[in-house]
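So the structure is just underneath, and the comments pick up after that.
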Amino acid sequence: MKRTLFDKIWDAHVVAEEAGRPAVLYIDLHLVHEVTSPQAFAGLAERGLPVRRPDRTVATMDHSIPTNGLPIADDAARTQLRTLADNCRRHGITLYDADSAHRGIVHVIGPELGYTQPGMTIVCGDSHTSTHGAFGALAFGIGTSEVEHVLASQCLLQTKPKTLEVRFEGALPDGASAKDLVLAMCAELGVGGATGHVIEYTGEAIRALDMEGRMTVCNMSIEAGARAGMIAPDAKTFAWLAGRAHVPRAAAWHAAVDRWRELHTDDGAVFDRTVVIDASRIEPMITFGTNPGMGMPIAASVPANPADARLARALEYMGLTPGEPLLGRPIDVVFIGSCTNARLSDMRAAAGVMRGKKVAAGVRVLVVPGSQAVKRAAEAEGLDRVFRDAGAEWREPGCSMCIAMNGDAIEPGQYAVSTSNRNFEGRQGRGGRTFLASPETAAAAAITGRITDARTLGESP
Amino acid sequence: MNVTSHAVVLPGDDIDTDQIIPARFLKGTRKTGLGEHLFADWPAFRRHERGARILVTGHNFGCGSSREHAPWALVDWGFRAVIARSFADIFRQNATKNGLLPVALPEAACVRLELALQANPALPVTVDLASERVSLPDAGWIAFSIDPFAKHCLLNGLDELSYILTFSDRITAHEQR
C-alpha cells in the first residue's frame, strides 16, 4: 500500500478507531499558551483529572504579554499570565516564563528548542500550529475543549482529513520569498479552498527553501483553510535540528534520523487532490483585502469585479478603489514580526533592506523578534542597531501586533504593512487596515512610507 | 435536540473568528459572559435584539483563529444553531463541543431560507438534530448532515473526553510501544 507522508504519521498515531466513530489519535507534543488554556485547566480541575503527560506538554507566554518589557501593566493580561504559571506549577509542566531566556512565540520556540521533530503529532490551542509541519510533523490547531482532552488523555478524537498536494514547480525567482510563495497559494486556493484537507507541499521550490522559509509556508496553511500543512523532512531538516536542546543525542539521534528518512510520500501514493503552482512566476505579493486569500503581485492593480459582494465589502473597509494600483500608497505603520516572519532569517531580510537608511517621517515601525533566542542572535549580528538607527522600535518577543491583544495595535483607519498572517477586519487593532507582505516588502515600506517593491528600492521613482 | 426560533441573517462569506469575537476580549480566564462582545465591531449585528437562537450566514463561517471563545460567545448570546453554506474546520469542531449546532445547507436552500426570513423576520425556523432537518412553516423541510459521532454525543449528552478515557488501557499500550 503506497502511503502519503500524512498517512504514515496518521497510521502510527491511531490508538483506537471504532466503526462510525472518529479515531482516537495520540498526541506526541502539546504546546500551551496563556490565552486558550485557562478554561481547559479549569475543566480538568472540575473533573478532578491530572495532566496525563506533563513531560509531553510545554508552555510559553506569547499572546497577551507586552513587548515593551516587564512589569505587566494590564491587569487582565497579568492575571491570565499568572494563571498559566500557576497551572504549569500545579501540574509539573515546563513553562518558558515571562523572564525566561528561552521564551518566545510558541511556534518559534517549539522548533528552536528541538521539541518539534519529524513524524510527531503536535497540537496547540492556536491555528498557526501548522507551522511545525515544516519538519514533517502532523501539526494542527485545536480549540480549548480539545486542549482539555489532550491535557487529560494525551489524545484527540479526529476524523481523518483528506490530503491535498500543493506542488510548486520551477524555482522561486530572486526577489520573491517564502512569504510571497504562500500568499500566492492563498490567492490561488482562496481562504477556504483547502478546508477539510491536510496539505503536503512538494516540488522544487519547496525543496529549495531553508527551514525558516518552510515554516513560513506551513504557518499559513490555515489561511487557505487547511487543517495542517507539511513538508517531508530532508537533509536540511536534520541539519537544522541537530544539536538542539530537546532532540535525541548520540546513537539515539542517528536512529531517529534513520526513522525520519522514511517520512516521505511513497512513489505512486495518491492524494485526494493536487494543485500545481508555477513557482517561477511568483512575484513579491501583497494583500489588498480583508482575508489572506485576497492577495496579488505587488505591482498589480486592485481587482475590479462589481458582482463580487465579498470583494466590495473588503475594499470599502480597506478604503481602496477597484482598479487602483497599490504601489506608492502611503502607509502609517510597519510591523515586522509574528509566528509567520519573526525568525532570524526574517530579521536579516528586513535589516538588509533597512541598513543605513531611515524610516520615513511619520511612520511607526515595530520590529518584534519571535523569541529571546532570535533577539539575542539578531543583536549579536548588530541587526538591532540597524533597526534602531533607522528609527524603528526593537521590542521584546511576542505575538504583538499580529493579534493586537497586548497593547501593540494600529489606530482606527491606519494602514499597516505587516509580515503577519491575517488581514481580517480589526485584526491588528479596531478599524485598522492591514496589507500582508514579506519582511523585505515591509522593510521597504518602512523606508519610503509607501507601498514599495523592495526590488526597486533606491531607484529613482 | 430541537431548536425552534426566529433567525438572524448575517450576510457574507468567510466571517472569521476575529469578527465573531475580537482578540481584545480574549484576556479572560473563563468561558462565560462573552456574549456581550459577540460581533462587537459589527453595528448591523448589534442592532438585533437578543432572543433569536438561530443564525443564518454564508460560506466558510468561523475561519481563522482556533479560539473557542467564538462558539462560547455565540452560545452566551443565545444561539443554539448556525445555518451556513459551509464552516471552517476548527470552528465546526469547537461548536459541537459547546452544544452549538453547525448546520451546513446548500446555497439554494440558504437563499430560500433567507427569502422567507426577509418576507417575515418573525418566521419560526426549526432545526431538528435527530432527523437532520431544517423546517419552515408551510414550506417543507431541508435535510442536512452532521458528523454522526457529534450527533450521538449531542443527543445523548455525552462528552468526548469521557469517550476518549474509555481507551485508557490502549493509550497506555500505545505509549509503551
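The values are calculated or read from the model by the stated rules, or taken from the named source; none is laboratory data. It should be emphasised that the depicted structure is a prediction, and the values quoted were computed from it without experimental measurement. Note: ideal-geometry Cβ built from the backbone for every residue, glycine included; neighbour counts use all protein chains shown. Accessible surface areas use protein heavy atoms only, side chains included; no ligands, DNA or RNA. Shrake-Rupley method; radii C 1.70, N 1.55, O 1.52, S 1.80 Å.
Ignoring ligands, DNA and RNA, what accessible area per residue does the protein assembly as shown give at 1.4 Å, in Å²?
In whole numbers, the protein assembly as shown has 35 Å² accessible per residue.
Restricting things to alpha carbons, find the Rg to Rh ratio for chain B using the Kirkwood radius for Rh.
Using only Cα positions, Rg/Rh for chain B is 1.01.
Only counting protein heavy atoms at a 1.4 Å probe, give the residues of the range A:301-333, ordered by number, whose accessible area falls by 20 Å² or more when the other protein chains are present relative to the chain alone.
A:310, A:313
What fraction of the DSSP beta bridges in the protein assembly as shown is antiparallel, stated in percent and rounded to the nearest 5?
30
Pull out a ≥ b ≥ c, the square roots of the eigenvalues of the alpha-carbon gyration tensor of the protein assembly as shown, then state rounded if a/c is under 1.5, prolate if not and a/b is larger than b/c, and oblate in the remaining case.
In terms of gyration-tensor shape, rounded.
Can you list the HN-Hα couplings for the range B:11-26, worked out from phi with the Karplus curve (6.51, -1.76, 1.60; θ = phi - 60°), rounded to whole Hz and with x for Gly and Pro?
With the stated coefficients, the range B:11-26 comes to x, x, 9, 6, 6, 8, 5, 5, 7, 4, 8, x, 4, 5, 9, 9 Hz.
Under a crude label model (7 Å from the Cα following the beta-carbon direction), how far is residue A:99 from residue A:312 in nanometres?
Rounded to a tenth, the inter-label distance reads 5.7 nm.
Using packing as a proxy for protection, rank A:267-275, A:323-331 so that the peptide with the highest average count of other Cβ atoms within 10 Å comes first.
Highest-to-lowest ranking by the protection proxy: A:323-331, A:267-275.
Keeping the other protein chains in place, figure out the carbon and sulfur percent of the accessible area of the range B:2-176, with a 1.4 Å probe.
Roughly 52 percent of what the probe reaches on the range B:2-176 is carbon or sulfur.
With charges only on Cβ, +1 for K and R and -1 for D and E, what is the dipole size of chain B about its Cα centre, in debye, rounded to 20?
340
Express the relative contact order of chain A as a whole percentage, based on alpha carbon pairs under 8 Å and six or more residues apart in sequence.
17
Please list, ordered by chain and number, the residues whose modelled amide H lies under 5 Å from the amide H of residue A:434; skip anything fewer than 5 residues away on the same chain.
Answer set, sorted by chain and number: A:416.
Return the distance in nm (one decimal) between the two label points of a simple spin-label model at residue B:46 and residue B:143, each offset 7 Å from Cα along Cα→Cβ.
Those two pseudo-labels are separated by 4.3 nm.
Report, to two decimal places, the Cα Rg of the range A:225-281 normalised by 2.2 N^0.38 Å (N = number of residues).
1.50
Can you compute 3J(HN,Hα) from phi for each residue in the range A:261-266, using the Karplus curve 6.51 cos²θ - 1.76 cosθ + 1.60 with θ = phi - 60°, rounded to whole Hz and x for Gly and Pro?
5, 7, 8, 8, 6, 5
Calculate, in nm to one decimal, what residue A:90 and residue A:376 gain on full extension: separation in residues at 0.36 nm each, minus their alpha carbon distance.
Full extension from residue A:90 to residue A:376 adds 99.9 nm.
Can you compute 3J(HN,Hα) from phi for each residue in the range A:168-183, using the Karplus curve 6.51 cos²θ - 1.76 cosθ + 1.60 with θ = phi - 60°, rounded to whole Hz and x for Gly and Pro?
Running phi through 6.51 cos²θ - 1.76 cosθ + 1.60 with θ = phi - 60° gives 9, 8, x, 9, 5, x, 4, x, 10, 10, 4, 5, 5, 4, 6, 5 Hz.
Between the range A:412-447 and the range A:219-272, how far is it from one alpha carbon centroid to the other, in angstrom?
The range A:412-447 and the range A:219-272 have Cα centres spaced 32 Å from each other.
Name the trypsin sites (Lys or Arg not before Pro) in the range B:1-71 that are in a loop by DSSP and that have at most 15 other C-beta atoms within 10 Å, would you?
B:30, B:47
Once neighbouring chains are kept in place and the probe is 1.4 Å, which whole percent of the accessible area of chain A is contributed by carbon and sulfur?
50
Per-residue counts of other Cβ atoms within 10 Å, averaged by peptide: what ranking do you get for A:89-96, A:413-420, highest first?
Result, highest mean first: A:413-420, A:89-96.
Counting only DSSP beta bridges with both residues in the range B:2-176, what percent are antiparallel, rounded to the nearest 5?
Roughly 45 percent of the DSSP beta bridges within the range B:2-176 come out antiparallel.
Considering only C-alpha atoms, what is the centroid distance from the range B:18-40 to the range A:1-75, in Å?
Result: 22 Å between the Cα centres.
Using alpha carbons only, how many angstrom separate the centre of the range A:332-390 from the centre of the range B:82-112?
41
At most 16 other Cβ atoms within 10 Å plus a DSSP loop assignment makes a site exposed; report the longest stretch of chain A without any exposed GluC sites (Glu not before Pro).
My reading of the result: A:19-261 is the longest stretch.
At a probe radius of 1.4 Å, what is the per-residue accessible area of residue A:10, in Å² to the nearest 10?
10
List, in the order given, every pair from A:375/B:27; A:2/B:97; A:236/A:358 whose Cα-Cα distance in the structure shown is over 30 Å.
Violating the 30 Å limit, Cα to Cα: A:2/B:97; A:236/A:358.
Quick query: amide H of residue A:274 versus all other amide H atoms, modeled in the peptide plane; which residues come in under 5 Å with a sequence gap of 5 or more or a different chain?
Sorted by chain and number, the residues that satisfy this are A:165.
Pull up all non-local amide H partners of residue A:202: gap of 5 or more, or a different chain, and H-to-H distance under 5 Å with H placed in the peptide plane.
A:166, A:167, A:168
To the nearest 100 Å², how much accessible surface do chains A and B cover up together, summed over both, with a 1.4 Å probe?
4500
To the nearest whole number, what is the average tally of beta carbon atoms from other chains within 10 Å of the beta carbons of peptide A:396-407?
2
Kindly give Rg over Rh for the range B:1-50, based on alpha-carbon atoms, with the Kirkwood expression for the hydrodynamic radius.
Result: Rg/Rh = 1.00.
Averaged over its residues, how many other protein chain Cβ atoms are within 10 Å of peptide B:88-100's Cβ atoms?
Mean shielding by partner chains, rounded to a whole number: 5.
Over the whole of A:127-133, what's the average partner chain Cβ count within 10 Å per residue? Rounded to a whole number, please.
Across the residues of A:127-133, the mean count of other-chain Cβ atoms within 10 Å is 2.
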